[in-house]
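Comments concern the structure below.
The values are calculated or read from the model by the stated rules, or taken from the named source; none is laboratory data. It should be emphasised that the depicted structure is a prediction, and the values quoted were computed from it without experimental measurement. FYI the Cβ positions are ideal-geometry reconstructions off the backbone, even for glycines, and counts take in every protein chain you see.
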Amino acid sequence: MRPFSTRGRFVNLRHNIRSSLVFKAFIWFGLAALVAAMLVVALSAVQERFYQQAHAQTQGLALANASAAALTPTLLRQDARLADQARLRLVGQRAVLDIHVLDLSGKVILPTTTRNTNRTSAEFKQTASSGRTSIRIQGGVLYSFIPLYDDGRLSAVMSHSYDLTKDQTGAWGLVLKNIWRGLILLGVAVPAGLLVFIRLTSPLAELNRAAAQAAAGDLSVRLDVDRKDEIGVLSSNFNTMLDRLKSNFDRTRWLAYGDSLTRLANKTAFNEQLQKQVRLERPPGALMLIDLDGFKRFNDAYGQEEGDRILTIVAQRLRKVVSEHAPRFAAASGQSRPLLARLSGDEFGVLIPGARSAPELQNMANAILEAIAAPIDLSGHNACLSARIGIALYPHDAGDARNLLTSVNFAIDEAKKSGGGTWCFFEPSMSQKAIRRMTLQNEMRRALREQEFVVHYQPKIDVREGTIAGCEALVRWQQPSGKLVGPGAFIEAAEESGLIREIGDFVLDESCQAAARWESAGYNCGVAVNVSSLQFASNDFTQTVFAALARAGLPPSKLELELTESVAMTNPERMLEQIGPLREKGVRFAIDDFGTGHSSLAYLTRLPFDVFKIDQSFVQSMTEDKHARVIVQTVLAMAESLGYRTVAEGVETREHFAFLQLHCCDYVQGYYFAKPMVEADLVGMLHAEKENLSRAETPSYAEAV
Ligand code: C2E
Ligand code: MG
Ligand code: MG
């Protein structure tokens with residue numbers, strides 16, 4: 001921060017004043033008015049000088065005429081002394097310098113004392129000859145020659161000299177006398193000129209303000225100047241320029257902040273708005289993320305063009321729902337309207353300032369799901385979409401944009417787990433779960449590198465023979481602490497992170513190697529390996545299985561792959577492609593946890609599987625629950641009629657086993673016989689069994705029966 005400086009401010013102000021137009025106009029007007037005032041004073045002085053001269057001449061002439069009237073020839077003739085006294089009186093008057101009277105020959109007759117007789121000049125001669133007054137001005141003196149008549153006859157000429165400069169003011173005196181004119185001019189012209197200038201240039205100040213406003217980013221400013229002069233034209237050009245700028249700016253803004261496909265806001269605009277709204281000091285609100293379920297399928301099936309059309313239609317429907325619900329939130333948000341945006345391919349976001357109540361948001365979420373679910377006509381087919389919605393509230397769930405997005409993503413993941421077509425609010429437990437899951441995933445990555453995963457084997461007993469007919473490979477995590485962790489604790493996280501592929505490949509490889517060892521040791525024991533949906537979905541699944549068999553040198557008939565119903569039913573066509581070549585070579589396929597996937601029985605039984613593994617939940621509740629009993633019974637009967645082999649999982653008691661035996665179950669697997677065990681223990685069991693058989697003794701499990 002710069003320190004506050006009074007001097008700096010003063011310098012700035014001085015600079016602003018100096019560079020202002022009014023200041024410049026003041027200086028120029030001032031100078032021009034000063035020059036004009038000086039001219040006026042000078043001209044006035046000159047004019048006055050002329051006036052004074054003319055006045056002195058008139059006065060001089062008038063005095064000369066008056067003197068002539070006084071000094072008549074009669075008086076001269078009658079009394080020269082009296083006449084001379086009269087002349088002397090006249091000479092003493094004001095600026096009269098001298099008076100002479102001359103006869104027509106030029107001889108001075110008055111004053112009588114004058115010796116110099118001839119005083120002729122051109123003017124005298126002119127007057128003496130014409131009888132008319134003549135004058136001459138010379139050296140500031142007015143010389144007048146007045147004819148004097150005696151009884152109507154020109155008898156003499158009076159010469160009268162008058163000092164014209166006597167009553168005249170000096171040059172400075174004239175300037176000082178006229179200075180008031182200059183001052184009036186300055187006093188009136190400068191303010192008047194400035195006023196006119198300010199009036200003329202006042203639109204410039206408005207223009208300046210508008211330009212500053214526009215420069216600060218407000219392009220809506222317009223000038224209202226109703227003039228036809230240059231300033232009017234300038235204002236109109238300024239308005240046109242702003243119109244163009246604004247339309248270019250809007251266009252650029254749209255390119256930067258709009259989604260060209262749906263005409264909604266894009267991710268950048270959404271994130272900016274999110275940053276602004278989601279602050280602790282702002283009013284509360286909500287963020288909704290809407291993710292279309294399986295949109296990729298539509299895109300793949302109908303092509304990208306139709307996919308785009310679906311997105312456009314969904315965007316229109318969302319816009320309608322949002323605008324219908326907007327007024328409910330607007331009042332609480334201080335008029336900020338909800339913002340709808342497309343955030344990625346099939347993901348939309350709604351930022352709802354002012355949303356506080358869960359029921360209102362639920363209504364809106366339901367309306368969105370309903371709008372999306374309405375059929376869309378695609379080239380004659382009706383496509384029905386669904387979506388999942390995650391909802392998070394701010395500042396309740398997160399006080400900033402980044403954490404709010406994380407929260408809403410937890411919520412959408414939760415909605416996804418519920419199978420889509422639903423909404424879910426964020427709960428703090430979700431983020432704790434997610435943190436735990438992330439830690440677990442990192443730990444699993446390390447465990448894979450450190451080879452901490454091991455495979456245990458659980459025997460499957462042939463119900464008729466009472467012998468070990470095979471085993472199921474079950475993964476375990478042997479942690480450095482010595483703790484053995486079962487798959488229930490990590491399989492889900494491994495599936496989410498994709499690590500299940502590597503784990504599954506390891507289990508497959510390890511199981512094939514083990515089964516190959518048993519084979520070469522002369523034990524007739526195949527292995528069943530669980531396959532996750534991710535493993536099965538990968539394009540090279542078939543090759544991976546063949547490669548594992550080849551590496552181990554295990555006959556395919558010794559390998560059984562267990563798929564759950566949901567994996568089998570996700571994409572039946574693809575499933576046939578995947579398992580076809582493997583079955584041809586003798587690999588068997590089992591449906592694991594049969595009965596728990598709610599799949600269509602009619603469809604399921606048409607799939608090319610070899611074994612049904614009845615889920616342990618039915619087996620374990622058989623003894624108390626009549627329905628479970630009936631289900632197990634029915635599945636066993638159905639499998640027998642359709643030619644499937646059956647395995648019952650989770651056999652824990654003699655009653656379980658007895659029931660299964662009674663209803664012709666082929667194989668049983670459960671703690672009643674053996675828990676999952678390390679390979680060495682299984683081999684020990686296989687060995688013992690072989691020994692017993694070779695001594696024609698009853699197999700150990702037959703005793704258990
Ligand atoms: P599953 O394939 O249905 O495996 C049977 C589960 O039942 C095993 O649990 C087994 O230990 C347990 N079980 C067997 N007999 C009894 C019994 O009498 N009583 C009880 N209560 N349980 C019994 P486990 O080993 O914990 O495995 C759980 C699930 O984890 C498996 O169910 C399977 O879906 C999955 N899993 C295990 N290993 C792998 C693997 O390598 N890959 C994949 N993708 N999934 C695996
Ligand atoms: Mg299994
Ligand atoms: Mg199972």
Report summary line: Being under 28 Å from THR312 (Cβ atoms), assigned to a helix (DSSP H, G or I) and not polar (S, T, N, Q) narrows ALA392, ALA365, ALA355 down to just ALA365
Query raised in the report: Does any residue of the range 314-325 turn out to be among the hydroxyl-bearing types (Ser, Thr, Tyr), touching a residue at least 24 places away in the same chain (Cβ under 8 Å) and assigned by TED's automatic domain parsing to the domain that holds ALA415?
Result: no
Report summary line: Of those in the range 610-623 that are surrounded by fewer than 22 Cβ atoms within 10 Å (Cβ to Cβ) and in a loop (DSSP other than H, G, I, E, B), the residue farthest from ligand 2 (Cβ to nearest atom) is THR623
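To keep it simple, each residue is scored yes or no on (1) closer than 29 Å to ARG297 by Cβ; (2) among the small types (Gly, Ala, Ser).
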position: GLY380; (1), (2): yes, yes
position: ARG388; (1), (2): yes, no
position: ASP397; (1), (2): no, no
position: ASN403; (1), (2): no, no
position: SER407; (1), (2): yes, yes
position: CYS424; (1), (2): yes, no
position: GLU427; (1), (2): no, no
position: GLN432; (1), (2): no, no
position: ARG446; (1), (2): no, no
Query raised in the report: Does at least one position in the range 584-601 carry a residue that is surrounded by fewer than 14 Cβ atoms within 10 Å (Cβ to Cβ) and within 16 Å of ligand 2 (Cβ to nearest atom)?
Result: no
**Report entry** Qualifying position, being in contact with a helix residue (DSSP H, G or I) (Cβ under 6 Å, 6 or more places away or on another chain) and within 27 Å of GLU370 (Cα to Cα), among LEU274, LEU292
**Finding:** LEU274
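Conditions tested, residue by residue: (1) in contact with a Leu (Cβ under 7 Å, 6 or more places away or on another chain); (2) at pLDDT 85 or above; (3) under 16 Å from ILE376 (Cβ atoms); (4) outside any loop (DSSP other than H, G, I, E, B).
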residue	(1), (2), (3), (4)
ARG251	no, no, no, yes
LEU255	no, no, no, yes
THR262	yes, yes, yes, no
ALA286	yes, yes, no, yes
LEU289	no, yes, no, yes
Query raised in the report: How about the range 510-533: which of its residues are out of contact with any strand residue (DSSP E or B) (no Cβ under 7 Å at 6 or more places or on another chain), within 16 Å of ligand 2 (Cβ to nearest atom) and either over 22 Å from ILE591 (Cα atoms) or part of a helix (DSSP H, G or I) (or both)?
Result: SER533
Query - Enumeration of residues in the range 582-612 that are basic (Lys, Arg) and under 19 Å from CYS525 (Cβ atoms) - result: ARG588
Report summary line: The residue from ALA469, ALA516, ALA493 that alone is among the small types (Gly, Ala, Ser) and modelled with pLDDT under 95 is ALA493
Report task. Go through the range 141-155 and give me each residue that's over 17 Å from THR74 (Cβ atoms) and either touching a helix residue (DSSP H, G or I) at 6+ places or on another chain (Cβ under 7 Å) or surrounded by fewer than 14 Cβ atoms within 10 Å (Cβ to Cβ) (or both). Result -> LEU142, TYR143, SER144, PHE145
Query raised in the report: Can you find even one residue in the range 583-600 that is in contact with a Pro (Cβ under 8 Å, 6 or more places away or on another chain), within 26 Å of TYR667 (Cα to Cα) and of a type in the set (Val, Ile, Thr)?
Result: yes
Report summary line: Looking across the range 224-249 at residues that are aliphatic (A, V, I, L, M) and out of contact with any Lys or Arg (no Cβ under 9 Å at 6 or more places or on another chain), the single one that is modelled with the highest pLDDT is MET241
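To keep it simple, each residue is scored yes or no on (1) in a helix (DSSP H, G or I); (2) of a type outside the set (Gly, Ala, Ser); (3) more than 30 Å from TRP180 (Cα to Cα).
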{"residue": "ALA36", "(1), (2), (3)": "yes, no, no"}
{"residue": "ARG49", "(1), (2), (3)": "yes, yes, no"}
{"residue": "THR58", "(1), (2), (3)": "yes, yes, no"}
{"residue": "LEU63", "(1), (2), (3)": "yes, yes, yes"}
{"residue": "SER67", "(1), (2), (3)": "yes, no, yes"}
{"residue": "ARG81", "(1), (2), (3)": "yes, yes, yes"}
Query raised in the report: Which one of these is small (Gly, Ala, Ser), closer than 21 Å to ALA639 by Cα and away from ligand 3 (no atom under 16 Å from the Cβ): GLY522, GLY553, GLY586, GLY597?
Result: GLY586
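So how many residues does the range 610-625 have that are over 18 Å from GLU652 (Cα atoms) and away from ligand 3 (no atom under 14 Å from the Cβ)?
The number of residues fulfilling the criteria is 1.
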Query - In the range 264-284, the residues that are of a type outside the set (A, V, I, L, M, F, W, C) and part of a helix (DSSP H, G or I) - result: LYS267, THR268, ASN271, GLU272, GLN273, GLN275, LYS276, GLN277
Requested in this report: Kindly indicate the residue of the range 533-572 that is more than 14 Å from ligand 1 (Cβ to nearest atom) and of a type in the set (Ser, Thr, Tyr) and also farthest from LEU508 (Cα to Cα) among those meeting that condition.
Outcome: THR570
Requested in this report: Scan the range 556-583 for residues that are surrounded by fewer than 17 Cβ atoms within 10 Å (Cβ to Cβ) and either polar (S, T, N, Q) or within 14 Å of ligand 3 (Cβ to nearest atom) (or both) and jot them down.
Outcome: SER557, SER566, THR570, ASN571
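Looking only at the range 563-581, count every residue that is under 15 Å from LEU534 (Cβ atoms) and either of a type in the set (D, E, K, R) or not in a strand (DSSP E or B) (or both) and tell me the total. Before the answer, list the steps.
Initial filter on the range 563-581 (under 15 Å from LEU534 (Cβ atoms)): 563-564, 566-568, 570-571, 574-575, 578.
Subsequent filtering for residues that are either of a type in the set (D, E, K, R) or not in a strand (DSSP E or B) (or both) retains 566-568, 570-571, 574-575, 578.
Of the residues in the range 563-581, 8 are under 15 Å from LEU534 (Cβ atoms) and either of a type in the set (D, E, K, R) or not in a strand (DSSP E or B) (or both).
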Query - Looking only at the range 154-195, and only at residues there that are without any contact (Cβ under 8 Å) to a residue 40 or more places away in the chain and of a type in the set (A, V, I, L, M, F, W, C), the one that is farthest from LEU88 (Cα to Cα) - result: LEU195
Report task. Could you check, for the range 498-509, whether at least one of its residues is within 16 Å of ligand 2 (Cβ to nearest atom) and farther than 23 Å from VAL647 by Cα? Result -> yes
